[in-house]
Amino acid sequence: MNLKSLAQHLGISASTVSRVLSGRGDEFRIAKDTQKRILDEAAAMGVRPDELARSLRLQSTRTLGVIIPDISNPFFAALARAVERSARAQGYTVLLADSQESAEVEA
């Protein structure tokens, strides 16, 4: 089910549903009971944000690319783990590549 279908099902405008699902319900003074109703129904119906559509709209994927010289080296493995943990805490995902110490791959 998509956002428009959820809005029709609830008898609420799609913009209201969008604002609540994006966490901006209070900013737009949407009643708490309406927010709860939208969130509960969205969870029950499996409605999730479309990250691809969001990325296209914002022109940002919130993805970081990390190239590690040698993932089998404990130092670089720990570094990759720390980068990923920190990025996740900020809402980013990390794509990790192992260059196998190749300057061509790293360039």
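Quick one: dipole size for the stretch 3-49, taken about the Cα centre, charges +1 on Lys/Arg Cβ and -1 on Asp/Glu Cβ, in debye to the nearest 20.
Roughly 80 debye for the stretch 3-49.
Per 0.36 nm of contour for each residue apart, how much would the distance between ALA44 and PHE75 grow if the chain were fully extended, relative to their Cα-Cα spacing? Mind dumping the intermediate values first?
On the way: separation 31, 0.36 × 31 = 11.16 nm, distance 4.36 nm.
Net length gain for the segment: 6.8 nm.
Among ALA78, SER102, PRO49, which residue has its Cα positioned farthest towards the positive end of the charge dipole of the chain, with +1 placed on the Cβ of Lys and Arg, -1 on the Cβ of Asp and Glu, and the dipole taken about the Cα centre?
PRO49
Using 0.36 nm per residue of separation minus the Cα-Cα distance, give me the extension gain between HIS9 and ARG62 in nm, one decimal.
Full extension of this stretch gives 15.9 nm more.
Answer with a single label: of (i) 16.8; (ii) 18.2; (iii) 14.2, which was calculated as Kirkwood radius over Cα pairs in Å from the structure in view?
Calculated Kirkwood radius over Cα pairs in Å: the matching label is (i).
Quick one: which residues, 5 or more positions from ASP98 or on another chain, have an amide H under 5 Å from its amide H? H modelled 1.01 Å from N in the peptide plane, none for Pro or chain starts.
When sequence neighbours closer than 5 places are left aside, the close amide H contacts are ILE68.
Every number here is computed from the coordinates shown, using simple stated rules; none is lab data. Model, not experiment: these values are computed from the prediction. Here the Cβ is made from the backbone with ideal geometry for all residues, glycine too, and neighbour counts use every protein chain on show.
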